[in-house]
Amino acid sequence: MPKVFINCFFPVVGWKRNYCKISGLQCDHVTKLSNRRSESWLTVNKFPGAITRPVSTMHMPPPLPENLLFRQLFDYQSYTYTYLLADQTTKEAILIDPVLELLNRDIHLLEDHGLTLKYAVNTHCHADHITSSGELKKKLPTCRSIISKASGAQADIYVKDGDAIEFGNLAIHVAATPGHTNGCVTYIMHHGNRPIMAFTGDALLIRGCGRTDFQEGDPRTLYNSVHEKILSLPEDTLLYPAHDYTGQTVTTVQEEKSFNPRLSKSQEDFIKIMKELNLPYPKAIDKALPANLVCGIIDLPPK
């Protein structure tokens with residue numbers, strides 16, 4: 001009986017017979033197999049009249065640390081994902097790519113779980129929203145800001161390729177992935193002596209990638225970065241982007257190597273695609289970029 005991976009982190013619960021669509025296919029019988037937090041998959045008994053990809057291309061999600069608290073949060077204005085990671089034993093936490101307008105949401109979530117925010121971490125100097133790193137530091141004195149030195153932005157701590165960011169007994173490791181901007185980095189979490197998940201920023205999106213026509217962007221550099229630092233990870237590594245515009249939440253190395261319409265191409269084809277996109281001028285860049293260069297510290301309007 002084939003096992004099919006569902007694109008979600010948490011255990012799949014509450015599914016009913018005859019009402020599950022996986023990859024857009026109607027299934028006759030769906031049975032929940034496990035509530036263990038590392039297993040977010042279903043057994044599918046039958047795909048009536050459907051043409052499916054070979055099951056051998058599917059991967060079980062890798063097991064996650066037992067002490068990891070993980071939340072994926074979304075901003076409906078900029079389509080930005082913010083990620084909360086915490087050690088449930090020590091209660092130390094980090095936020096990756098926090099958004100200014102959702103400052104209170106993130107603080108309340110930290111309070112709900114009794115967490116201490118150690119770091120506000122950015123994957124790069126964003127042009128589509130303002131980071132809340134500076135305001136988080138004002139509200140939460142334990143918090144320090146982190147960004148790559150190559151970003152040119154201000155922060156309390158600068159990181160480079162090969163560095164580790166520790167919180168409690170957990171850590172994420174820094175991989176330099178320039179190309180969208182000079183300062184882009186990917187944060188990789190390991191467990192059991194292997195990578196299990198990566199936060200790719202704008203370097204790699206689900207079935208896409210960040211644009212390369214502004215902010216020191218370069219398509220050749222981006223192609224090399226993604227293939228050398230992200231798509232070289234184990235094929236079942238979970239990839240979490242900084243944005244998604246189609247309602248998807250997570251992908252894997254294997255999926256993007258196979259199905260990414262840009263990055264599955266040759267380098268020269270990729271460069272041609274990126275140069276012919278003719279994207280509009282980013283609507284928030286004139287406000288967001290100057291603010292993010294100074295850790296998102298701006299004069300907020302009175303409430």
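The values are calculated or read from the model by the stated rules, or taken from the named source; none is laboratory data. Note that the structure is predicted; figures quoted are calculated from it, not measured. Cβ coordinates were reconstructed from backbone atoms using ideal geometry, including for glycine residues, and neighbour counts include every protein chain displayed. We work out accessible area using only protein heavy atoms, side chains counted, and drop any ligands, DNA or RNA first. Shrake-Rupley method; radii C 1.70, N 1.55, O 1.52, S 1.80 Å.
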Next on the checklist: Check which residues have an amide H placed less than 5 Å from Ser148's amide H, if you skip close sequence neighbours.
Outcome noted: Val159
Item to check | Distance histogram in 10 Å bins (all Cα pairs of region 68-278, percent per bin) | outcome: 9, 37, 38, 14, 2
Checklist entry - Over region 127-277, what percent of the accessible surface lies on carbon and sulfur atoms, probe 1.4 Å? => result 48 percent
Checklist entry - Given the Cα atoms of region 162-303, and with Rh set as the inverse mean 1/r over their pairs in the Kirkwood sense, what is Rg to Rh to two decimals? => result 1.00
Checklist outcome for this item: Neighbours of Val174 by Cβ distance under 9 Å: Lys/Arg at +1, Asp/Glu at -1, summed charge -1
Next on the checklist: Counting only other residues whose beta carbon sits under 14 Å from that of Leu279, what net charge do I get with K and R as +1, D and E as -1?
Outcome noted: 0
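How big is D for region 99-182, in µm² s⁻¹ as a whole number, if Stokes-Einstein is applied with the Kirkwood radius of its Cα pairs at 37 °C and 0.692 mPa s?
240 µm²/s
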Next on the checklist: Whole percent per 5 Å bin, from 0 to the bin with the longest distance: what is P(r) over all C-alpha pairs of region 144-228?
Outcome noted: 3, 15, 24, 25, 18, 11, 4, 1
Checklist outcome for this item: With every protein chain kept in place and a 1.4 Å probe, region 80-175 has an accessible area per residue in Å² of 38 Å²
